[in-house]
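Read the structure below first, then the notes.
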Amino acid sequence: MLTTLIAFVVALGLLIAVHEWGHYRMAVARGVKVLRFSVGFGRALARWKPRRQHPGQDTEFVVGAIPLGGYVKMLDEREGDVPEAERHLAFNTQPLSSRALIVAAGPVANLVLAVLLYTLVNWIGVQEPRAVLAPPAAGSMAEKAGLRGGEEVRAAALAGDEPEPVRSFEGLRWTLTRGALDGEDVLLQLARGDGRTRDVVLPLGSLAAKDPNPQMFRAIGIVAPLSRPEIGELTPDGAAERAGLRTGDLVLKVGETLVVDGQQLRELIRGSVKDGQPQASTWLVERDGQRVTLDVEPAVIEHEGRRIGRIGAYVGAQPEMVTVRYGPLEGLTAGVRRVWEVSVLSLRLLGRMLVGELSVRNLSGPIAIADYAGKSASLGLTYYLGFLAFISVSLGVLNLLPVPVLDGGHLMYYLWEGVTGKPVSEAWLQRLQYVGMSLLLCMMAIAMYNDIVSRLG
């Protein structure tokens with residue numbers, strides 16, 4: 001709990017500070033006087049004024065008690081009296097180009113931070129599962145394409161693109177996600193243990209996926225990397241323990257089905273319910289070099305509207321891992337590309353939510369973000385940096401949306417001013433601000449509701 005709280009506060013503090021720093025630095029560069037730079041709201045925990053500041057600046061820096069936002073307060077005639085001698089330093093007196101640059105600098109700073117973080121992760125390296133495929137789900141695209149399990153994916157590409165090396169299973173999942181959501185087929189270049197290679201095309205263009213969920217990957221047939229079908233930690237008095245299974249048992253057969261992979265075993269367990277009732281089966285396991293036969297009857301639980309089997313044990317050993325690391329220039333290029341891909345994907349998903357093609361249940365609020373922060377921090381530095389990069393991209397993209405009260409809304413006003421030659425009237429500004437605030441509050445309420453429901457579920 002403490003790790004989660006610290007990771008969440010550090011993440012928010014860093015991302016907000018960078019966002020506001022973008023506004024601040026651009027304002028100073030364009031000759032606007034900044035009165036206050038604040039990270040957080042509410043009671044000030046700390047405040048100070050640096051002795052050395054840019055000429056014309058007398059900025060107060062503040063750290064607030066509530067780390068859920070921040071702001072840069074600039075000299076502005078719309079918010080108070082401005083001495084005639086300082087009128088040229090006021091935000092509202094600046095040329096349109098300067099005001100637009102100052103507003104855009106916050107989201108851009110978040111995107112630049114994301115590039116730096118992804119690049120750092122690429123340089124440090126991260127442990128990820130090797131891209132060796134488990135047997136595909138029955139009836140899936142992968143099975144129909146002739147995949148049987150054990151193939152290693154060497155390269156992949158969306159339709160029409162040049163194949164690029166696949167460094168890990170996570171890299172493969174990202175390519176499949178993009179293909180499914182973009183409605184594009186994916187080419188896989190495969191290699192087997194005997195050295196033979198072949199190309200396979202997965203027709204993801206016909207999948208019509210609306211969001212990246214487990215059902216989407218089951219339909220594709222590539223759910224998890226190949227792993228030994230080994231029994232891990234058991235739940236006390238669970239179905240596995242009652243049947244006599246032990247930690248370390250290697251499952252060879254379930255009924256008449258040969259078992260070669262952890263994901264395959266999980267699917268067999270899930271599907272061991274007929275007409276709502278558990279179906280017992282005979283398992284052949286290898287234990288300490290000996291073969292043991294056990295009768296296993298799974299428990300039945302409700303999951304996503306259907307009854308599935310569970311045995312109360314961790315199923316499947318850790319897959320073979322590889323270190324994914326890039327060189328200096330290659331790591332930077334990959335970081336820029338990942339920020340672009342995540343930004344485009346985020347915009348497409350938001351667009352599908354607006355037109356009703358994607359459920360708003362995909363919105364996550366502060367509880368879910370805090371949970372992800374804690375989990376990524378517990379896995380190690382590179383995972384936490386990757387989490388920060390993803391959230392930084394999301395924050396940058398969200399703030400560029402043309403929604404009043406967000407930075408993108410102000411840029412929308414400036415676009416109007418640039419086209420018509422006159423600013424948006426005060427009356428319309430007030431109306432649009434109310435609309436924007438209402439939309440933002442609705443999004444926050446939905447995200448919080450999703451968080452609470454997922455926690456209770």
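Answer yes or no as to whether Leu265 is at pLDDT 90 or above, of a type in the set (A, V, I, L, M) and surrounded by fewer than 20 Cβ atoms within 10 Å (Cβ to Cβ). It is false that Leu265 is at pLDDT 90 or above, of a type in the set (A, V, I, L, M) and surrounded by fewer than 20 Cβ atoms within 10 Å (Cβ to Cβ).
For the structure I just gave you, tell me whether Arg352 is open to solvent by 70 Å² or more (accessible area, probe 1.4 Å) and of a type in the set (Lys, Arg). It would help to see each step written out before you state the result.
Numbers: open to solvent by 70 Å² or more (accessible area, probe 1.4 Å): no; of a type in the set (Lys, Arg): yes.
So Arg352 fails the test.
Matching residues to (1) touching a strand residue (DSSP E or B) at 6+ places or on another chain (Cβ under 9 Å); (2) closer than 30 Å to Val132 by Cβ; (3) at pLDDT 70 or above; (4) not in a helix (DSSP H, G or I):
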position: Ala317; (1), (2), (3), (4): yes, yes, yes, yes
position: Leu329; (1), (2), (3), (4): no, yes, yes, no
position: Val339; (1), (2), (3), (4): no, yes, yes, no
position: Gly351; (1), (2), (3), (4): no, no, yes, no
position: Ser364; (1), (2), (3), (4): no, no, no, yes
position: Ile367; (1), (2), (3), (4): no, no, no, no
position: Ser378; (1), (2), (3), (4): no, yes, yes, no
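The requirement of being among the small types (Gly, Ala, Ser) and open to solvent by less than 40 Å² (accessible area, probe 1.4 Å) is satisfied by Gly327. Strands (runs of 3 or more DSSP E) fully within the range 132-239 that include at least 3 residues being crowded, with 18+ Cβ neighbours inside 10 Å, hydrophobic (A, V, I, L, M, F, W, C) and touching a Leu at 6+ places or on another chain (Cβ under 7 Å): 152-158. Filtered by the rule that a residue be part of a helix (DSSP H, G or I) and touching a Lys or Arg at 6+ places or on another chain (Cβ under 7 Å), the range 87-104 gives Leu89, Phe91, Asn92, Thr93, Ser98, Leu101, Ile102.
Quickly run through the range 248-289 and pick out the residues that are among the hydrophobic types (A, V, I, L, M, F, W, C) and not in a helix (DSSP H, G or I). So that I can check it myself, show each step before the final result.
As a first pass, look at the range 248-289 and keep what is among the hydrophobic types (A, V, I, L, M, F, W, C): 250-252, 254, 258-260, 265, 268-269, 273, 280, 283-285.
Those that are among the hydrophobic types (A, V, I, L, M, F, W, C) and not in a helix (DSSP H, G or I): Leu250, Val251, Leu252, Val254, Leu258, Val259, Val260, Val273, Ala280, Trp283, Leu284, Val285.
Exactly one residue out of Leu68, Leu5, Leu45, Leu15 is open to solvent by less than 20 Å² (accessible area, probe 1.4 Å) and farther than 22 Å from Leu415 by Cα: that is Leu15.
For the range 384-430, which residues satisfy the criterion of being open to solvent by 80 Å² or more (accessible area, probe 1.4 Å) and either of a type in the set (D, E, K, R) or in contact with a strand residue (DSSP E or B) (Cβ under 9 Å, 6 or more places away or on another chain) (or both)? Don't jump to the end; show me each part of the working.
Within the range 384-430, the first condition is being open to solvent by 80 Å² or more (accessible area, probe 1.4 Å), and the residues that meet it are 390, 402, 415-416, 419, 422-423, 426, 428, 430.
Listed by number, the residues that qualify are Lys422, Glu426.
The values are calculated or read from the model by the stated rules, or taken from the named source; none is laboratory data. As the structure is a prediction and not an experimental result, all values here were calculated from the model. Every residue, glycine as well, gets a Cβ built from its backbone with ideal geometry; the counts of neighbours run over all protein chains shown. Surface accessibility is based on the protein's heavy atoms, side chains included, excluding ligands, DNA and RNA. Shrake-Rupley method; radii C 1.70, N 1.55, O 1.52, S 1.80 Å.
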